[in-house]
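See below for the structure under consideration.
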Amino acid sequence: MTQAVPPILSITPSRALVDEKFQVLVENLPPGCPVTLHSLHHSEDKDDWEAYGHYVSDHRGVVSVTEDLSFGGTYTGKEPMGLLWSMRPVPGSREGLRLRKINVCTPMLVNISVHSGHEDFRDRTPLASALAERWYMAPGVKRIDINKQGVQGTLFIPPGPGPFPTLLDMWGGGVGLLEYRSALLASRGYVSFSLDYLRSEHLSADVEFKYFETAFNIIRNHPQVIPDRVGILGISLGSTVAFNLTAYSTIIKPRCIVCISSNHYHPPGTTLKAGFKILSKYVLLTVCHENLMIIQIIVTNMYHRHFHKAHFDENNYMSWRSFGLDLIADPSNNVEVGRINCPMLLVNGCDDQNWPTVETAEEVARLLREGGKEHLLSRLAYPGAGHLIEPPFSPHFRATKFIILNSKKKVILLWGGHTKAHSDAQEDSWRKILSFLQLHLYHSPSVKAKL
């Protein structure tokens, strides 16, 4: 491609929060010119992620990712944010990768470039490029490390004098403290406390209500928090904790709860710690069996009864859904959700291959209906979405590596979901989660979210 005026690629805005849309525009192309738009991100784990779409310039020599159709690539059709949500590891990368922001005080940098043609575009020098900054923390948000009264986590406070409504934010059973959702919630006007509750030092003692109740009181008593406007948000195992605390604690009385990829499994007569261990033993036993490793393990009758139902797909990815169905079939294994007296929002993907979350939501609805409390429940169920429902425009991960709790064993877990449907679910659910929180934490009390 030779012309007097070189192509120009622009990103508007070039600096934005991760849940905000941008516009990518290429100008000064020849009319009817085939080009490829390519995005590239080098992660904090030193892995490269990319997405790309094939376009043809219009009669003015312009390609607008917002307005024009992609004819192929990692996404097709009119997809303004396809260069982000369809990202995947570049060819030749390690298996089972997951992209998560570690340092929320720095932006996610995405280089977007335009290349001539649709074939072998990586081998060509870009015609033009620009850099996008995607932030989880808005200007003025404060990040505070918390390590007091035995509780560890990170507190994010919105800019301004406050006081603000607040969320106790809990992730699932992965290893490590994740801050990016809490940072984004603070950017949207909520004090948010990302709680670290699965470290080894926490598991060495009983992970009982006391730990969570202390965390709840720490944020409730903060001078920039409205003490009676505290909610709980949990995903996966975090939703199990949310159900437990809201149903059984005499101290934790949230204004509302949001449970993403809901799990209300709670073994009878066990502590939360014991429940975590039971799930871990199921997984460890399955891994040992699948790999034909000779390991001496004491297996209770309960494990024998459900062991054969753990499932591996054709790629040898592990799914917990089968034995999850078996576990929650016994009502005595589950949290008594009928004890909950605050509004709750359940967000689930219908292609969740990790846990029977849709069945869990149905059971929760039945129990609340029987107790005359169905008016407290709002539900979102997304066809084609999987387990890992993240903030908008995050890449979709159908299967990723996972370190089993209380073990150094790594497996590749099957989370489910199909990229386009899952992306749509992430965008829609985030908007509706914010609406639910706005209604119940900022506005006057209501028993039903208008989603």
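The values are calculated or read from the model by the stated rules, or taken from the named source; none is laboratory data. Keep in mind that what you see is a predicted model, and the values were worked out from it rather than measured. Cβ: placed from backbone, ideal geometry, glycine included. Neighbour counts: every protein chain shown. Calculation scope for accessible area: heavy atoms of the full protein, side chains included, ligands and nucleic acids excluded. Shrake-Rupley method; radii C 1.70, N 1.55, O 1.52, S 1.80 Å.
Name the residue, out of ARG199, ARG255, that is modelled with pLDDT under 95 and touching a Gly at 6+ places or on another chain (Cβ under 9 Å).
ARG199
(1) part of a helix (DSSP H, G or I); (2) closer than 26 Å to TYR317 by Cα: which one isn't true of SER394, the others all being true?
With (1) part of a helix (DSSP H, G or I); (2) closer than 26 Å to TYR317 by Cα applied to SER394, the lone miss is (1).
Within segment 278-291, can one find any residue that is more than 23 Å from SER435 (Cα to Cα), open to solvent by 40 Å² or more (accessible area, probe 1.4 Å), in a loop (DSSP other than H, G, I, E, B) and modelled with pLDDT of 90 or more?
no
Where the second residue is open to solvent by less than 10 Å² (accessible area, probe 1.4 Å) and in a helix (DSSP H, G or I) and the first is more than 16 Å from ASP352 (Cα to Cα) and charged (D, E, K, R) and lies in segment 229-246, which pairs have Cβ atoms under 7 Å and are six or more apart or on separate chains?
ARG229/LEU441
List the number of the failed condition for VAL411; all other conditions in (1) modelled with pLDDT under 95; (2) open to solvent by less than 20 Å² (accessible area, probe 1.4 Å); (3) touching a Leu at 6+ places or on another chain (Cβ under 7 Å) hold.
(3)
Identify all residues within segment 144-193 that are in contact (Cβ under 8 Å) with a residue 40 or more places away in the chain, surrounded by fewer than 21 Cβ atoms within 10 Å (Cβ to Cβ) and charged (D, E, K, R); write none if there are none.
Scanning segment 144-193 gives LYS148, ARG188.
Could you tell me whether segment 76-96 includes any residue that is open to solvent by 50 Å² or more (accessible area, probe 1.4 Å), in contact with a Pro (Cβ under 8 Å, 6 or more places away or on another chain), in contact (Cβ under 8 Å) with a residue 60 or more places away in the chain and not hydroxyl-bearing (Ser, Thr, Tyr)?
The answer is yes, given that some residue of segment 76-96 is open to solvent by 50 Å² or more (accessible area, probe 1.4 Å), in contact with a Pro (Cβ under 8 Å, 6 or more places away or on another chain), in contact (Cβ under 8 Å) with a residue 60 or more places away in the chain and not hydroxyl-bearing (Ser, Thr, Tyr).
Considering only residues that are aliphatic (A, V, I, L, M) and assigned to a loop (DSSP other than H, G, I, E, B), look in segment 331-358 and name the one that is surrounded by the most Cβ atoms within 10 Å (Cβ to Cβ).
It comes out as ILE340.
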